[in-house]
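The numbers here are math on the coordinates, done by the rules we state, and not lab data. Keep in mind the model is a prediction, meaning the values are calculated, not measured. With ideal geometry, Cβ positions are generated from the backbone for all residues, glycine too; neighbour counts draw on all protein chains shown.
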Amino acid sequence: MDKKRILITGTRKGIGAFLASYYADRGFQVIGCSRGEPEWEVEGYRHFSLDVSDERRVVEMFAVIREEYGGLDILVNNAGVASMNHILLTPCTTVRKILDTNVTGTFLFCREAAKLMQRGEFGRIVNFATVATPLKLEGEAIYAASKAAVVSLTEVLARELAPFGITVNAVGPTPVKTDLIRSVPKEKMDALLERQAIRRFGQMEDISNVIDFFIKPESNFITGQVIYLGGV
Amino acid sequence: MAADSRITNALFSAIDELNDIRPQDQQLEKSLDTVLFGQDGKLDSIGLVSFIVAAEQKIAQETGRSITLADERAMSQKNSPFRTVGTLADYCSILLAEGE
């Protein structure tokens, strides 16, 4: 069987870097992107440096994927930014930045990936939600709202893309020890973990486990679902 | 308006691509008169989406230019540009001319 082609966004560091290496190790053809070049190297990995909300650059990248890989099987929309702040202290520039990356970026990649996937009548899209949305975390208003939009997008796209054999699901991680939560005070983190059914930080493997489930060929009847980790 | 041959080629090429995955009894004819959508149209809404995606890609390959066929403007036209291959070719010509 041909190697599956997987595109992962936000691969420069954190969860995205882990996923790129994880799927390359498992024989996938891995394509990734982020605003900067990654500081790591994995055989069989191809990187594009771009902003996920830059439509022109994103469309150009997908044209290269179409030409050089002949299509795409899986998209993992991992790229995301967060900013912890009280609403009274949140500048509009921060709001736009978060919405651009988390919502516009996810939308753009879903759209362009689905264009490639629909030709093969097979596709798996996995978006990234967050437990901050169902937990209604104070200080995370815009981040949680942006990810609520991603959940809505996931649910509606699942229906729009089902006729093309494309499933669209989302994984909602708990906090994982990455740069995204580096600046969050420890007592806030402890309070958050207390609200999970299973009170620990998420591991990278917890996330790849859910993605593995969504992208399996046998998961062709699973779409429009959000799996939150930790029992949230 | 006479359709630019590059546009006609692109749209016929999009029809080829669509025909590859359509049953024999639902093949689209490569003609400017082929009715795509609406009364007596050969495509349902999902088929039209696939055709527009293929057409945008083929036009980009043929002309080196990227156009968006299904925007608010296309949807608000009194006469749908997606009615026949010919009307779509004319609409593509207008979009490409505007971008020059």
Inset, instruction - Assuming R0 = 22 Å, can you tell me the calculated FRET efficiency for the pair A:Asn85 and A:Val156, based on Cβ-Cβ distance, to the nearest 0.05? - result: 0.15
Legend entry - region A:50-102 - charge dipole about Cα centre, Lys and Arg +1 at Cβ, Asp and Glu -1, debye rounded to 20: 300 debye
Legend entry - When each of A:Lys13/A:Lys97; A:Lys3/A:Lys97; A:Lys216/B:Lys42 is checked by Cα-Cα distance, pairs over 28 Å: A:Lys3/A:Lys97; A:Lys216/B:Lys42
Legend entry - Sum of side-chain charges, B:Asn19 neighbourhood, beta-carbon under 12 Å (Lys, Arg +1; Asp, Glu -1): -2
Inset, instruction - Could you list the residues of region A:163-190 with an amide nitrogen less than 14 Å from a label point located 7 Å from the Cα of A:Asn220 in the Cα-to-C-beta direction? - result: A:163-167
Inset, instruction - Find the centroid of the Cα atoms in region A:146-183 and in region B:35-76, then give the distance between the two in whole Å. - result: 28 Å
Legend entry - Per-pair calculated FRET efficiency, R0 = 41 Å: A:Ala191 and B:Gln26 via Cβ, rounded to 0.05: 0.10
Legend entry - Cα-projected label distance for A:Lys3 with A:Glu68, points at 7 Å along beta-carbon direction, nm: 1.3 nm
Legend entry - Partner aspartates and glutamates for A:Lys4 [C-alpha distance under 17 Å; skip if fewer than 8 residues away on the same chain]: A:Asp25, A:Glu43, A:Glu67, A:Glu68, A:Asp73, A:Glu121, A:Asp212, A:Glu218
Inset, instruction - May I ask you to derive the FRET efficiency for A:Arg111 and B:Glu100 from their Cβ-Cβ distance with R0 = 25 Å, giving the value to the nearest 0.05? - result: 0.45
Legend entry - chain A: most fluctuating residue of A:Ile166, A:Ile125, A:Ile87 per GNM, C-alpha cutoff 10 Å: A:Ile87
Inset, instruction - Please give the calculated 222 nm ellipticity per residue for chain A, where each DSSP H segment of at least 4 residues contributes -39500 (n - 2.57) and the sum is spread over every residue; nearest 500 deg cm²/dmol? - result: -13000 deg cm²/dmol
Legend entry - Largest to smallest principal axis extent of the C-alpha atoms in region A:1-114, angstrom: 54, 25, 20
Legend entry - chain A: DSSP helices with Cα axial extent of at least 27 Å and average Kyte-Doolittle hydropathy no lower than -0.5: A:141-161
Inset, instruction - Using the Karplus curve 6.51 cos²θ - 1.76 cosθ + 1.60 with θ = phi - 60°, work out ³J(HN,Hα) for each residue of region B:34-39 in order, rounded to whole Hz, and write x for Gly and Pro. - result: 4, 7, 8, 9, x, 4
Legend entry - Around B:Val53: net Lys/Arg minus Asp/Glu count, Cβ-Cβ under 11 Å: +1
Legend entry - Linear extension gain, A:Asp54 paired with A:Phe213, 0.36 nm per residue minus alpha-carbon span: 54.2 nm
Legend entry - Selected from B:Lys42, B:Lys78, B:Lys58 as most flexible by GNM, with chain B as the system and alpha-carbon contacts under 10 Å: B:Lys78
Legend entry - Relative intensity, log₁₀ I(q)/I(0), of the protein assembly as shown from a Debye sum that treats every alpha carbon as a point, q = 0.08, 0.13, 0.15 Å⁻¹: -0.43, -0.99, -1.22
